[in-house]
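Step one of this worksheet: look at the structure below.
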2 protein chains.
Amino acid sequence: MAELLRVQGYGATGVKQVAAAAQAPIGSIYHHFPGGKREIAAAVLRTTGAAYIQLVPLLLDPYDDLVAGVGAFFEAAADDMENTGWANMCPVGTVTGEVADSEPGIRAVAAEVIGSWVDDASAYLVGRGVADPDARAVVFAMLGSLEGAFILSRGLRSSEPLRAAGRAMAAYVATVPQGAPARS
Amino acid sequence: MAELLRVQGYGATGVKQVAAAAQAPIGSIYHHFPGGKREIAAAVLRTTGAAYIQLVPLLLDPYDDLVAGVGAFFEAAADDMENTGWANMCPVGTVTGEVADSEPGIRAVAAEVIGSWVDDASAYLVGRGVADPDARAVVFAMLGSLEGAFILSRGLRSSEPLRAAGRAMAAYVATVPQGAPARS
DNA sequence: CTCCGAATAGAACGATCGCTCTAGAGCGAT
DNA sequence: ATCGCTCTAGAGCGATCGTTCTATTCGGAG
């Protein structure tokens with residue numbers, strides 16, 4: 001279950017717990033996911049990965065100014081964290097940090113998901129006038145900054161890291177050369 | 001043991017394992033750390049926190065130009081990760097992300113450590129001419145960017161996120177107003 | 001030398017976890 | 001009606017983990 005993995009992490013969520021949350025017996029879980037916990041986690045990462053990438057155009061399209069959009073993106077994340085009591089926001093980041101060195105299969109899936117995020121998001125930025133090699137670097141910087149700020153904010157129970165990251169990334173994006181947006 | 005917690009995380013390192021690494025029996029571990037695994041982790045976080053903060057002046061002092069120093073800081077981290085085979089670099093970030101929502105005591109210690117990092121590092125930046133409220137935001141942005149890039153680089157087995165983060169933070173730091181460095 | 005707290009030493013316990021195994025319910029095809 | 005297959009259902013297994021317990025050794029004070 002995506003929600004459990006997101007708020008609890010990989011190690012802390014048991015398969016009995018996801019069975020209970022899904023109102024399904026353990027046998028059914030293992031029937032549909034013969035690969036066990038690893039396969040469940042991989043499926044969750046893939047589906048949440050596909051869902052989260054849609055947030056990028058959704059949150060950025062309303063802003064003609066990309067710099068303002070980036071700032072608003074981080075502010076929205078900060079507000080969400082405050083309102084949920086500092087709940088974990090991104091299962092991909094948490095799970096990656098947790099099992100990157102102990103679960104090679106899950107790490108590979110996480111790498112897939114992150115890679116597709118970077119591809120899609122940088123294509124979006126190119127569509128908004130950012131030059132191609134720059135776009136990829138911008139996405140890496142923003143994604144890293146976001147994931148890191150999530151951790152700091154959860155640890156400190158404060159939105160200050162997230163908001164500082166947003167201002168920093170907005171200032172950074174303002175420095176990268178930006179042509180006219182491609183027509184849609 | 002600091003090294004084990006850094007490369008393996010909190011959940012994945014057992015106290016029997018740290019006993020073996022310390023060449024001490026389990027009884028001795030629990031004699032010196034009656035609080036058990038939690039107390040051991042707290043001690044590790046505090047000591048590594050105190051050690052890591054010293055890296056800031058150590059790595060930044062050689063650079064008269066703060067922007068160049070920031071870039072070199074991230075490049076050094078990227079080189080380290082490559083040379084160690086993408087080993088985890090910062091136990092504080094990993095442990096925080098892992099247990100922030102399940103171990104309140106450890107989370108509090110991590111918050112202490114991160115808070116002292118921010119205090120010390122922003123004091124250093126003020127000493128180098130960054131205005132006071134800006135300095136704190138810069139430190140939060142850099143620390144978050146660093147921790148997030150660690151996760152991405154470990155997941156992707158690539159230093160690209162770390163190097164992109166370094167270029168982004170250098171560009172950002174270049175935009176914050178900077179007075180003359182205070183005399184030392 | 002005697003004594004006593006500190007530290008060492010590791011066997012053993014209870015809990016938990018991922019997973020397997022067996023049993024049966026549901027259901028379309030023949 | 002009967003077969004065969006998918007899916008449900010959960011008890012139970014083996015392994016592992018953090019922790020506790022008892023026994024023993026060490027070393028300085030009296």
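The values are calculated or read from the model by the stated rules, or taken from the named source; none is laboratory data. Treat the numbers as computed from the prediction; the structure is a model and nothing was measured. Because the Cβ atoms are built from the backbone with ideal geometry, glycine has one as well, and the counts that use them run over all protein chains shown.
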Checklist outcome for this item: In the set B:Val7, B:Val56, the lone residue that is of a type in the set (Val, Ile, Thr), within 14 Å of another protein chain (Cβ to nearest Cβ) and more than 16 Å from DNA strand C (Cβ to nearest atom) is B:Val7
Next on the checklist: Name the single residue that is nearest to DNA strand C (Cβ to nearest atom) among those in the stretch A:15-45 being within 14 Å of chain B (Cβ to nearest Cβ) and under 23 Å from A:Ala108 (Cβ atoms).
Outcome noted: A:Lys37
Checklist entry - Taking only pairs six or more apart or across chains, which ones have beta-carbon atoms under 6 Å, a first residue in the stretch A:26-39 that is more than 16 Å from A:Val95 (Cα to Cα), and a second residue that is of a type outside the set (A, V, I, L, M, F, W, C) and crowded, with 16+ Cβ neighbours inside 10 Å? => result A:Phe33/A:Glu39
Checklist entry - For the stretch A:67-76, what are the residues that are touching a helix residue (DSSP H, G or I) at 6+ places or on another chain (Cβ under 6 Å) and either modelled with pLDDT under 95 or hydrophobic (A, V, I, L, M, F, W, C) (or both)? => result A:Val67, A:Val70, A:Phe73, A:Phe74
Checklist outcome for this item: When (1) within 7 Å of chain B (Cβ to nearest Cβ); (2) surrounded by fewer than 24 Cβ atoms within 10 Å (Cβ to Cβ); (3) free of Cβ contacts under 8 Å to residues at least 12 places away in the same chain are applied to A:Leu146, the one that fails is (3)
Checklist entry - Any residue at all in the stretch A:77-93 that is away from DNA strand C (no atom under 16 Å from the Cβ), within 30 Å of A:Pro177 (Cα to Cα), of a type in the set (Asp, Glu) and surrounded by fewer than 19 Cβ atoms within 10 Å (Cβ to Cβ)? => result yes
Item to check | Qualifying positions in the stretch A:94-133 - of a type in the set (S, T, N, Q), surrounded by fewer than 22 Cβ atoms within 10 Å (Cβ to Cβ) and in contact (Cβ under 8 Å) with a residue 24 or more places away in the chain | outcome: A:Ser116
Checklist outcome for this item: Selection from the stretch B:106-119 of residues more than 8 Å from chain A (Cβ to nearest Cβ) and under 21 Å from A:Arg167 (Cα atoms) yields B:Trp117, B:Val118, B:Asp119
Checklist entry - Being away from DNA strand D (no atom under 16 Å from the Cβ), among the aliphatic types (A, V, I, L, M) and more than 30 Å from B:Gly129 (Cα to Cα), is that true of even one residue in the stretch B:78-89? => result yes
Checklist entry - Filter the stretch A:32-55 for residues that are within 16 Å of DNA strand D (Cβ to nearest atom) and surrounded by fewer than 15 Cβ atoms within 10 Å (Cβ to Cβ); which is nearest to A:Gln17 (Cα to Cα)? => result A:Gly36
Checklist entry - Scanning the stretch B:15-31 for residues that are near DNA strand D (Cβ under 10 Å from one of its atoms) and of a type in the set (A, V, I, L, M), which turns out farthest from B:Phe73 (Cα to Cα)? => result B:Ile26
Checklist entry - Looking at the stretch B:154-173, which of its residues are buried (at least 24 other Cβ atoms within 10 Å of the Cβ) and either closer than 24 Å to A:Glu98 by Cβ or facing chain A (nearest Cβ under 8 Å) (or both)? => result B:Arg154, B:Gly155, B:Pro161, B:Leu162, B:Ala164, B:Ala165, B:Ala168, B:Met169, B:Tyr172
Checklist outcome for this item: Reported set for the stretch A:11-29 where residues are assigned to a loop (DSSP other than H, G, I, E, B) and either among the basic types (Lys, Arg) or under 22 Å from A:Asp80 (Cβ atoms) (or both) is A:Ala12, A:Thr13
Next on the checklist: Between B:Ala2, B:Ala12, which is within 12 Å of DNA strand D (Cβ to nearest atom) and either under 21 Å from B:Gly105 (Cα atoms) or among the acidic types (Asp, Glu) (or both)?
Outcome noted: B:Ala12
